Amino acid sequence: MAVVGIVIVSHSKQLALGVCELAAQMVQGEVPIAIAAGIEDPENPLGTDAIQVSEAIAAVFCDDGVLVLMDLGSALLSAEMALEFLSAAQRQKVYLCEAPLVEGAIAAVVAAAAGRDIQQVMAEARGALVAKATQLSGVSSPLSVGDSNIPASSTESPTREIHLIVSNRLGLHARPTAQFVATAARFQSQILVQNLTRNTQLVRGDSINQVTTLGVRQGHELLITASGSDADEALAALQVLFATNFGEDNTAVSYPPVWQHEVTPATNGELSGIPASGGVAIAPVVHYQPTQISFTQYNVDDLEAEWQRLQAAIQIARQEIQAVFSQASLQIGDAEAAIFDAQLLFLEDPVLLEATHGYILEHQINAEAAWQAVVDRVVSSYHTLEDSYLQERVDDVVDVGIRVMRLLTGNAPADLHLQQPAILVASDLTPSDTAGLDRTKVLGICTTSGSATSHSAIIARTLGIPAVLGVDAQVLHLADGTLMALDGESGKAWVDPNSHIREQLQAKREAWQTAQQQALTTAHQPAITRDGRQVDVFANISSISDVQVAVANGAEGVGLLRTEFLYLDRTSAPTEEEQLRVYQAMAEVLNNRPLMIRTLDIGGDKPLPYLRVGFPEANPFLGWRGIRFCLGHPELFKTQLRAILRASVGHQIKIMLPMIATVNEVRAAKVILGEVQAELHETGIPFDAAIKVGIMVEVPSAVATAEQLAAEVDFFSIGTNDLSQYMMAGDRTNPRVANLVDALHPAVLRMVQQTVQAAHAAGISVGLCGELAADPLATPILLGLGLDELSVNPQSIPAIKQAIHQLSLDESQAIAVSALQQDSAEDVRKLILT
């Protein structure tokens with residue numbers, strides 16, 4: 001009969017041997033026991049070694065499991081590091097236990113010899129002090145036995161857990177992972193997370209590297225546990241992130257393909273690579289050679305001083321990355337600049353810092369050697385991921401690693417400031433390198449490595465710099481000043497291109513520039529069909545920076561301001577003054593364009609940690625959310641309405657109520673609005689007394705009673721994201737049924753048609769602000785159904801306006817009539833494409 005194996009980890013070899021002998025005598029050698037103790041240093045034999053621990057585990061390993069008991073300090077770090085040397089299958093059967101070393105070992109071997117399973121053996125080890133405590137005090141021991149693995153959590157608070165499905169299109173990539181870790185780190189409770197879909201181990205939620213290496217993709221199911229006094233608040237805050245898609249728009253982004261091919265050698269000066277960022281560049285080349293950092297490993301005496309030296313370098317690195325983030329926000333926008341949030345969290349990763357500290361203490365080596373060893377291990381863990389997209393996130397780890405190493409060794413940063421316009425040639429560029437490029441001087445990028453989905457490529461696209469990656473390495477031997485041409489769309493580059501190639505590329509560049517200029521010009525003109533029908537194109541926004549991008553892209557107003565961003569990631573609700581400042585700032589940027597402010601749309605599926613619902617909801621999408629939540633929290637609702645009304649003076653601000661299902665909900669909201677208006681009037685605070693009030697039509701009951709609702713409000717805005725899932729009875733976050741939730745399904749389109757007809761019959765306008773509005777394929781159908789407004793993400797405005805310019809109302813109505821007769825969303829798409 002196989003039994004659980006026991007491993008004893010101690011700084012002292014003599015202590016470990018004594019414990020092992022004592023434990024073995026209890027069971028006459030029936031339980032396999034191994035020790036990992038001391039280090040091979042005659043002058044200082046006290047210490048632990050991760051390799052030694054992994055070998056001890058292997059010596060007693062069996063399918064029933066291995067229990068590892070440790071004494072203090074670095075013994076725990078060595079045991080945790082030892083797990084990294086085991087296979088994934090083995091790691092799942094190894095348990096690190098916080099039980100007392102001597103008493104725990106004796107209790108564990110006795111339980112193992114009795115044939116107990118690993119959980120029972122671990123429980124016996126943890127409860128080993130009960131008998132001693134009882135004997136010494138004469139009363140029952142207050143100690144309790146927990147079931148959780150290392151890292152140990154407080155047994156005074158129960159462990160809470162939630163299961164969540166990831167709906168982000170790219171899963172937990174750098175930006176959402178950074179948000180997850182930053183949120184988890186705000187709470188005292190211990191947060192652990194497991195990818196159930198991939199059957200991973202539980203990892204620490206405050207470690208960006210551990211969370212990243214879970215390999216979380218869209219549709220994966222996660223188990224998140226929290227143990228501690230604020231466990232409920234922590235899980236609620238994390239649930240908000242998932243419910244709001246981490247603030248990301250799930251509209252598909254078109255990236256160039258990552259070609260799987262061997263790079264074609266140079267032929268007549270032509271190079272073939274990966275198309276990473278569109279556009280044409282013709283200019284002399286300039287080589288970029290990153291600073292070469294070298295170091296020597298050596299032993300140190302003052303270990304604390306060495307740790308402080310590393311801490312100082314990390315602090316400076318943090319300041320540098322924050323500066324890069326600020327500059328990148330101005331150049332590429334907050335969304336893409338959030339890449340550097342992940343880099344900041346890397347520097348704060350407790351697992352990384354503890355491991356580095358452990359290296360310095362155990363091996364008594366310099367900070368450079370310890371830092372590089374840990375970074376190399378993290379890099380290796382990324383390379384083992386099955387997901388190629390997540391593998392590429394290792395670039396950020398390397399980027400941060402190099403930055404800290406440069407500061408430790410006293411090397412100056414590489415100079416990327418070009419004197420003349422040129423094409424930059426390099427083996428690779430880090431995200432920090434790319435974000436710092438001057439696009440007036442760097443006309444193109446040509447590297448021998450990289451991919452179209454790397455962060456560097458994403459930044460290059462955002463900056464509008466043409467890029468061809470993965471070309472033959474001989475490009476690195478070109479002399480500076482050599483003329484090069486590259487086409488970022490086709491992935492081709494030419495060395496010393498002849499006049500014919502230059503003329504072709506020049507013509508292509510001029511055509512591309514003309515098309516871009518036409519799109520921008522069109523974007524700033526009204527969207528009018530060929531036969532004279534005008535449709536307003538508005539923006540969906542969630543921040544002030546979004547408003548600026550929207551106006552720059554030709555938005556005629558804001559059709560949906562998601563105010564939830566004001567309430568998230570904080571411990572209390574925003575004040576009236578806080579909200580007022582934000583609404584006024586947005587209205588000023590819009591310069592008298594319409595601003596439709598959706599009141600707080602949060603609740604069952606998007607809980608606020610500081611506002612408890614009071615009970616868990618079995619189906620939060622059908623629960624206490626949207627207007628129901630606001631009516632249930634009238635003071636919270638009134639505070640927001642006061643801020644909106646005060647901001648309305650001199651601006652075109654409108655109020656939009658979410659998740660309306662009944663006429664009575666609208667009337668109840670209008671009563672509260674009337675009370676707020678009366679209070680402001682009594683105190684002499686000005687506001688727009690004629691402010692318009694509309695509703696989101698996103699529930700089938702609202703469509704069915706649209707005629708009655710239209711009599712109560714000034715406008716409709718159709719939210720096809722929620723309407724689709726309610727209409728099709730499918731949860732869009734559930735991968736098993738998410739394919740049903742398609743806004744182009746004829747059933748959903750009929751709901752849109754019915755809503756438009758009811759609105760127009762009542763003489764009010766109707767818009768659409770779901771993801772469907774940003775799909776150019778859907779534009780003719782939406783025009784044909786009679787919508788007055790389309791509200792889309794700011795980046796989609798030029799494309800949607802251009803699509804409207806190319807259509808006529810007659811042909812759009814014909815397409816819409818035909819679409820309503822189709823049997824499925826697939827058939828509707830085929831109809832549009834024919």
(Q) For region 157-200, which positions are at pLDDT 85 or above, hydrophobic (A, V, I, L, M, F, W, C) and either open to solvent by 40 Å² or more (accessible area, probe 1.4 Å) or not in a loop (DSSP other than H, G, I, E, B) (or both)? (A) I162, L164, I165, F180, A184, I191, L192, V193, L196
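Taking the residues in region 559-579 that are of a type in the set (A, V, I, L, M), touching a strand residue (DSSP E or B) at 6+ places or on another chain (Cβ under 9 Å) and modelled with pLDDT of 85 or more as candidates, determine which candidate is farthest from A234 (Cα to Cα).
Residue satisfying both the conditions and the ranking: L560.
With open to solvent by less than 50 Å² (accessible area, probe 1.4 Å), assigned to a loop (DSSP other than H, G, I, E, B) and either under 22 Å from L353 (Cβ atoms) or among the hydrophobic types (A, V, I, L, M, F, W, C) (or both) as the only criterion, which of A82, A99, A105 stands out?
Unique residue meeting the criteria: A99.
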Q: Please specify each residue of region 776-792 satisfying the condition of being open to solvent by 10 Å² or more (accessible area, probe 1.4 Å) and in a strand (DSSP E or B).
A: E789
Q: Give the residue, chosen from I39, I33, I51, that is aliphatic (A, V, I, L, M) and in contact with a helix residue (DSSP H, G or I) (Cβ under 7 Å, 6 or more places away or on another chain).
A: I33
Q | Index of the failed condition, V121 passing every other in (1) surrounded by fewer than 22 Cβ atoms within 10 Å (Cβ to Cβ); (2) at pLDDT below 85; (3) in a helix (DSSP H, G or I) | A | (1)
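Here's the yes/no breakdown for (1) modelled with pLDDT of 75 or more; (2) among the hydrophobic types (A, V, I, L, M, F, W, C); (3) over 22 Å from L568 (Cα atoms); (4) not in a helix (DSSP H, G or I):
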residue: V253; (1), (2), (3), (4): no, yes, yes, yes
residue: V258; (1), (2), (3), (4): no, yes, yes, yes
residue: P275; (1), (2), (3), (4): yes, no, yes, yes
residue: A313; (1), (2), (3), (4): yes, yes, yes, no
Q. What about S451, is it of a type outside the set (A, V, I, L, M, F, W, C), open to solvent by less than 30 Å² (accessible area, probe 1.4 Å) and not in a loop (DSSP other than H, G, I, E, B)?
A. no
Q: Hey, can you tell me all the residues within region 283-304 that are under 35 Å from the mean Cα position of the chain (by Cα), assigned to a loop (DSSP other than H, G, I, E, B) and not aromatic (F, W, Y)?
A: Q289, P290, T291, Q292, I293, S294
**Q.** Matching residues, region 495-547, being closer than 28 Å to M696 by Cβ, buried (at least 16 other Cβ atoms within 10 Å of the Cβ) and polar (S, T, N, Q)
**A.** T529, N540, S542, S543, S545
Q) Among (1) buried (at least 18 other Cβ atoms within 10 Å of the Cβ); (2) in a helix (DSSP H, G or I), where does E55 come up short? A) (1)
**Q.** Among the candidates A819, A773, residue that is in contact with a Ser or Thr (Cβ under 7 Å, 6 or more places away or on another chain), modelled with pLDDT of 90 or more and assigned to a helix (DSSP H, G or I)
**A.** A773
Q: List every residue pair whose Cβ atoms sit under 8 Å apart, with the two residues 6 or more apart in sequence or on different chains, where the first one lies in region 332-358 and is closer than 16 Å to I316 by Cα and the second, anywhere, is among the aromatic types (F, W, Y) and modelled with pLDDT under 85.
A: F340/F325; D341/F325; L344/F325
Q: Output the residues belonging to region 426-441 that are within 15 Å of H287 (Cα to Cα), in a loop (DSSP other than H, G, I, E, B) and of a type in the set (D, E, K, R).
A: D428, K441
Q | Residue check for R403: at negative phi and modelled with pLDDT of 75 or more | A | yes
(Q) Considering only region 417-426, I want to know if a residue exists there that is open to solvent by less than 20 Å² (accessible area, probe 1.4 Å), modelled with pLDDT under 85 and of a type outside the set (S, T, Y). (A) no
Q: Determine if region 697-720 includes at least one residue that is free of Cβ contacts under 8 Å to residues at least 40 places away in the same chain and surrounded by 20 or more Cβ atoms within 10 Å (Cβ to Cβ).
A: no
Q.
Quick check on L69: is it part of a strand (DSSP E or B), under 26 Å from T200 (Cβ atoms) and either open to solvent by less than 70 Å² (accessible area, probe 1.4 Å) or touching a Phe, Trp or Tyr at 6+ places or on another chain (Cβ under 9 Å) (or both)?
A. yes
Q | Residue that is most open to solvent (accessible area, probe 1.4 Å), among those in region 201-214 that are of a type in the set (V, I, T) and free of Cβ contacts under 8 Å to residues at least 40 places away in the same chain | A | V203
Q.
Return the pair list, or none, for Cβ contacts closer than 7 Å from residues in region 808-826 that are in contact (Cβ under 8 Å) with a residue 60 or more places away in the chain and within 16 Å of R530 (Cβ to Cβ) to residues that are of a type outside the set (D, E) and open to solvent by 60 Å² or more (accessible area, probe 1.4 Å), at least 6 apart or on different chains.
A. S808/R530
Q. So which residues in region 427-447 are open to solvent by less than 10 Å² (accessible area, probe 1.4 Å) and either of a type in the set (V, I, T) or farther than 19 Å from I339 by Cβ (or both)?
A. T434, V442, G444, I445, C446, T447
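The values are calculated or read from the model by the stated rules, or taken from the named source; none is laboratory data. Values in this document were obtained by computation on a predicted structure and should not be read as measured data. Cβ coordinates were reconstructed from backbone atoms using ideal geometry, including for glycine residues, and neighbour counts include every protein chain displayed. For accessibility, only protein heavy atoms count, side chains too; no ligands or nucleic acids. Shrake-Rupley method; radii C 1.70, N 1.55, O 1.52, S 1.80 Å.
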